[in-house]
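Notes follow once the structure below has been shown.
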Amino acid sequence: MASISLRNVVKRYGHGPKANQVIHGVNAEIKDGEFVVIVGPSGCGKSTLLRMVAGLEEISGGEIAIGERVVNNIEPAERDIAMVFQNYALYPHMTVFENMAYGLKIKKVPEAEIKARVDKAAKILELGGLLDRTPRQLSGGQRQRVAMGRAIVRKPQVFLFDEPLSNLDAKLRAHTRLEIQKLHRELGVTSLFVTHDQVEAMTLAQRMIVMNGGHMEQIGTPEEVYARPASTFVAGFIGSPPMNLLKGQAQGLTFKVGGITLDLPEAAPRDGELILGLRPEHLDHWQHEQGWPFEVEMIEMLGAERLIYGRLGSELFTLRIDGTQTPPAPGSTLKLALSDKHLHWFDPQTTRRVEEKASPQ
Ligand SMILES: Nc1ncnc2c1ncn2[C@@H]1O[C@H](COP(=O)(O)OP(=O)(O)OP(=O)(O)O)[C@@H](O)[C@H]1O
Ligand SMILES: [Mg+2]
């Protein structure tokens, strides 16, 4: 096992004035045995970053180290990593056993050792009864597990996953997520896992890296990223439905937005133009005579919860309430109340989080 260090990593495709820079100096220290998820929208550079760690893309600037060793100029085969892709092409004419054994055979690992390693991986992945089948005779989820088995038998120092679950249906994806967690608990191999799905990121990550346009917006545990998003991008990307972001004018204990003036439970960190972030679940609307006037437009029933869409002044706003509560009628106006612990402030110019004032002791 090994740590992974990304030091000011840059990637440019092409050369000279026409070069297209897609990774802009990423820094991260992934600890030995840690499971880190890289998450961000399509095109933000997730696969590129992963492929640079794997050695499948050249590094244009900075340094990548696996363990103590800088690997910038080390061939992929020498990096002691195993990668699982979205399109985990298995060899169609080989059995499950042969598919998993193939890499080891090429490396001339002795037969008995190959059998022992494949059997162990098959046991972990519950593929024991399927070793004689060909991929055609397997379900999507089983094929997915064979692809993981192929990675496990190599006993690498690092696992790299590039959206390995995106071909599975929702139920199987949730199930395989649990299997990957179990696998990581058992093997403890340092893992980098790429996904564009924030739910997958939140559920799998010990720490997550949120990427946007080739920049690392934030790195932290799922709890940290959810509770204290570092920018409006992270606030809008992590969490579903996303955080409400209201651009307005703060002054003392008031915030002017969408043509109305809201009373704040606590003054903003500074006066002037700011973005106020509020998660849909952090407001309530029961039995308040005073409060922020919220006009209900539409309601969605999702089972455990209801989403209420409407407007604060002229601004779109979303509220999340428990599914067992009686929903308000569309067209009605609710009075919202919120707690001061759940206000997020962002700078409209930089889009970065503005720290709250230290609370008086
Ligand atoms: N070979 C290439 N030549 C030029 N540009 C490339 C090349 N490969 C990728 N890019 C660009 O680099 C950027 C990052 O691509 P990358 O594949 O890393 O995105 P991603 O975050 O993995 O997206 P997705 O979620 O869609 O897989 C994109 O803008 C893409 O167009
Ligand atoms: Mg990708």
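The values are calculated or read from the model by the stated rules, or taken from the named source; none is laboratory data. Bear in mind the structure is a predicted one, so any value in this text is a computation, not a measurement. Ideal geometry is used to build each Cβ from the backbone, glycine not excepted, and the neighbour counts take in all protein chains shown.
Quick notes on this structure:
- Residues in the range 58-67 that are outside any loop (DSSP other than H, G, I, E, B) and among the small types (G, A, S) were compared, and the one that is farthest from ligand 1 (Cβ to nearest atom) is A65.
- Residue selected from the range 271-292 under the condition closer than 18 Å to L343 by Cα and loosely packed, with under 14 Cβ neighbours inside 10 Å, by the criterion nearest to the chain's Cα centre (by Cα): E273
- Single condition R177 does not satisfy, out of (1) in contact (Cβ under 8 Å) with a residue 24 or more places away in the chain; (2) out of contact with any helix residue (DSSP H, G or I) (no Cβ under 7 Å at 6 or more places or on another chain); (3) of a type in the set (D, E, K, R): (2)
- Residue in the range 27-57 that is farthest from ligand 1 (Cβ to nearest atom), counting only those that are under 22 Å from F237 (Cβ atoms) and among the aliphatic types (A, V, I, L, M): I30
- Residue in the range 210-232 that is of a type in the set (F, W, Y), within 14 Å of ligand 1 (Cβ to nearest atom) and buried (at least 16 other Cβ atoms within 10 Å of the Cβ) present: no
- Any hit, the range 319-339, residues being buried (at least 19 other Cβ atoms within 10 Å of the Cβ), in contact (Cβ under 8 Å) with a residue 24 or more places away in the chain and of a type in the set (V, I, T): yes
- Residue satisfying condition, being touching a helix residue (DSSP H, G or I) at 6+ places or on another chain (Cβ under 9 Å) and closer than 18 Å to T190 by Cα, within set V39, V118, V96: V39
- Test: residue in the range 133-145 that is under 30 Å from R7 (Cβ atoms) and in contact (Cβ under 8 Å) with a residue 24 or more places away in the chain: no
- Of all residues in the range 308-354, those satisfying the criterion of being in a strand (DSSP E or B), among the β-branched types (V, I, T) and modelled with pLDDT under 95 are I321, T333.
- Considering only residues in the range 68-87 that are part of a loop (DSSP other than H, G, I, E, B) and surrounded by 20 or more Cβ atoms within 10 Å (Cβ to Cβ), the one that is modelled with the highest pLDDT turns out to be V71.
Condition check ((1) more than 10 Å from the chain's Cα centre (by Cα); (2) outside any helix (DSSP H, G or I); (3) of a type in the set (A, V, I, L, M, F, W, C)) across all residues:
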site: E186; (1), (2), (3): yes, no, no
site: L192; (1), (2), (3): yes, yes, yes
site: I209; (1), (2), (3): no, yes, yes
site: M216; (1), (2), (3): yes, yes, yes
site: E224; (1), (2), (3): yes, no, no
site: A235; (1), (2), (3): yes, no, yes
site: G239; (1), (2), (3): yes, yes, no
site: Q249; (1), (2), (3): yes, yes, no
site: K256; (1), (2), (3): yes, yes, no
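- Residues that are over 15 Å from the mean Cα position of the chain (by Cα), within 13 Å of ligand 2 (Cβ to nearest atom) and part of a strand (DSSP E or B) within the range 12-57 comprise V22, I23, listed in sequence order.
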